[in-house]
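These notes are about the structure you will find just below.
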Amino acid sequence: MRINSGRFKYRKLEIPESARPTTEKVREAVFSMLINRVEGATVLDLFAGSGSLGLEALSRGAEFCVFNEGDRKNYKILKNNITNCKAEEISSTYNNDFRKALTLANREFDIIFVDPPYREGYYGEVFELVEEYGLLADGGVIVVEHLNDNELSDNILGFSRIKHKRYGTIGVDFFERA
């Protein structure tokens, strides 16, 4: 897998064996919808895996990204990918459960990527904690990847879906504060 565009374009990313990375096609589509939001943005890649979403955002001009990956082996790969892109100074990383990472984040984000293990059902809890800790900046967006057969509600705890796209078996939803 490679970074699609920007200053890290063509950099190879190592993919953890246990991870299900967002495909290049889906990443390209997501970033084409975020085109006016990425430049200068502060980003949270909550279930980072390889870090492909956050690194793509940094490559396209995001100012800073916080990565969180709960699995220790995947975390090491994430750190290697950040180093390979020379993005250490414009990012920080956590190796925590997503709940702990959200309590530690302590800033507002313009873009929050939520791509958890699909069948774990963490979506509602993520939205609840984002709202409780005030993590989404005014005008910010939460980008959620999920299986299409696990369609999310149009409204989740004060957030409204503004866009839904389908890519094969994968659904990507964009939410803003209602």
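The values are calculated or read from the model by the stated rules, or taken from the named source; none is laboratory data. This structure is a prediction, so every number in the text was calculated from the model and none was measured. Here the Cβ positions follow ideal geometry from the backbone for every residue, glycine too, while neighbour counts run over all protein chains shown. What goes into the accessible areas is simple: the full protein's heavy atoms, side chains included, and nothing from ligands, DNA or RNA. Shrake-Rupley method; radii C 1.70, N 1.55, O 1.52, S 1.80 Å.
Miscellaneous remarks
- The residues of the range 156-172 that are among the small types (G, A, S), part of a strand (DSSP E or B) and without any contact (Cβ under 8 Å) to a residue 24 or more places away in the chain amount to a single one, S160.
- In the set (1) under 26 Å from G6 (Cβ atoms); (2) open to solvent by 10 Å² or more (accessible area, probe 1.4 Å); (3) at pLDDT below 95, the condition left unmet by I77 is number (3).
- Hits in the range 148-159 (condition: open to solvent by 30 Å² or more (accessible area, probe 1.4 Å) and either under 20 Å from R37 (Cβ atoms) or in contact with a helix residue (DSSP H, G or I) (Cβ under 7 Å, 6 or more places away or on another chain) (or both)): N150, L157, G158
- A single member of L13, L53 is out of contact with any Gly (no Cβ under 8 Å at 6 or more places or on another chain) and closer than 28 Å to R72 by Cβ, and it is L53.
- Filtered residues of the range 4-61 (kept if open to solvent by 10 Å² or more (accessible area, probe 1.4 Å), assigned to a loop (DSSP other than H, G, I, E, B) and among the β-branched types (V, I, T)): I15, T23, I35
- G134 vs. criteria over 16 Å from T22 (Cβ atoms), at pLDDT 95 or above, open to solvent by less than 10 Å² (accessible area, probe 1.4 Å) and not in a helix (DSSP H, G or I): no
- Residue within the range 41-61 that is among the β-branched types (V, I, T) and under 22 Å from Y167 (Cα atoms) present: no
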